[in-house]
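K.L.:
I'd like to ask you about the structure that follows.
The values are calculated or read from the model by the stated rules, or taken from the named source; none is laboratory data. Predicted model only: the values in this text are computed from it and were never measured. When we count neighbours, we look across all protein chains shown, and the Cβ atoms used for this are built from the backbone with ideal geometry, even at glycine. Side chains are part of the model used for accessible areas, which takes the heavy atoms of the whole protein and leaves out ligands, DNA and RNA. Shrake-Rupley method; radii C 1.70, N 1.55, O 1.52, S 1.80 Å.
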Amino acid sequence: MPQLRAALLLLTALLAGCQATPLRPPPPAPGAAPDWVQIGAHSYEQEAPGLGASRKYQGPAGTIDVYRYDLRRAWQDGLGDPAFNPHFQSTIEEVKYMAAQGRYSGLQIGPVRDVVVAGLPFRTVSYHFRVYGREMSSQTYLTATGSRLLKYRMSFFDPPAVDAAEMARRFIETDLSRPPAEGDEPLAPPGSSL
């Protein structure tokens, strides 16, 4: 039952990250990738230990959500943890669920691939769908690092101004090289409760 509650809270958090963004974003966060402005940060740990924290960025091409979480366990770095692929598959199921609920239409899911960005292995998948009558391309990048999961969910207006994979790579490289920002508050050790 706690796992179901955590899964529902994660789905709620992910859906909340897809809400409409403000008309006037605040100034760029220190170290943010060029052309991307941090418009929000949230820690889910108080209400649901294990769900970590997120940061949301807005740019001329769309939005990017960055999640750091552990689901109350220590993760083997990289893609080799036995629970990694089932969790990655659950992120695809979340998108399918949103389409089934009518949030997205015309959902197309691309192939799952393993790539290396900024020296870290990521598992990635792309999507194409319509939301609010607008064509979107989206990508999920997931890895485990520092015993936690690091996920990027990138949603770009279609057609993207530049190659979506290149834009994703540049954002991840910049994000991983920047100093800590709002939303990066230290999390409790994996498996502990607050």
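K.L.:
Which condition from (1) open to solvent by less than 20 Å² (accessible area, probe 1.4 Å); (2) closer than 23 Å to G146 by Cβ; (3) in contact with a Phe, Trp or Tyr (Cβ under 6 Å, 6 or more places away or on another chain) is the one that Y69 breaks?
P.N.:
Result: Y69 fails condition (3) only.
K.L.:
Being more than 30 Å from D158 (Cβ to Cβ) and modelled with pLDDT of 55 or more narrows it down to one of G50, G40, G59, so name that one. Working first, answer last.
P.N.:
Values: G40 fails: more than 30 Å from D158 (Cβ to Cβ); G59 fails: more than 30 Å from D158 (Cβ to Cβ).
Going through G50, G40, G59 in turn, the sole match is G50.
K.L.:
Take segment 47-102 and flag every residue that is under 19 Å from S126 (Cα atoms), in contact with a strand residue (DSSP E or B) (Cβ under 8 Å, 6 or more places away or on another chain) and aliphatic (A, V, I, L, M).
P.N.:
Answer for segment 47-102, where residues must be under 19 Å from S126 (Cα atoms), in contact with a strand residue (DSSP E or B) (Cβ under 8 Å, 6 or more places away or on another chain) and aliphatic (A, V, I, L, M): A61, I64, V66, L79, I92, V95, A99.
K.L.:
Note down all Cβ pairs under 7 Å where the first residue falls in segment 153-176 and is modelled with pLDDT of 85 or more, the second is open to solvent by 50 Å² or more (accessible area, probe 1.4 Å), and they're at least six residues apart or on different chains.
P.N.:
The qualifying pairs are F157/R134; I172/A118; E173/A118; L176/A118.
K.L.:
Please indicate, with yes or no, whether at least one residue in segment 80-93 is more than 24 Å from A53 (Cβ to Cβ) and of a type outside the set (S, T, N, Q).
P.N.:
Yes, segment 80-93 contains a residue that is more than 24 Å from A53 (Cβ to Cβ) and of a type outside the set (S, T, N, Q).
K.L.:
Can you work out which of the residues in segment 76-93 that are over 17 Å from the mean Cα position of the chain (by Cα) and under 15 Å from K151 (Cβ atoms) is surrounded by the fewest Cβ atoms within 10 Å (Cβ to Cβ)? Explain how you work it out, then say what you get.
P.N.:
Initial filter on segment 76-93 (over 17 Å from the mean Cα position of the chain (by Cα)): 76-77, 80-83.
Now drop any that are not under 15 Å from K151 (Cβ atoms), which leaves 77, 81, 83.
Numbers: D77: 15, D81: 17, A83: 13.
Out of the qualifying residues, it is A83.
K.L.:
Mind listing whichever residues of segment 33-64 are touching a Ser or Thr at 6+ places or on another chain (Cβ under 9 Å), farther than 15 Å from M167 by Cβ and outside any loop (DSSP other than H, G, I, E, B)?
P.N.:
Within segment 33-64, I39, G40, A41, H42, S43, A53, S54, K56 meet the criteria.
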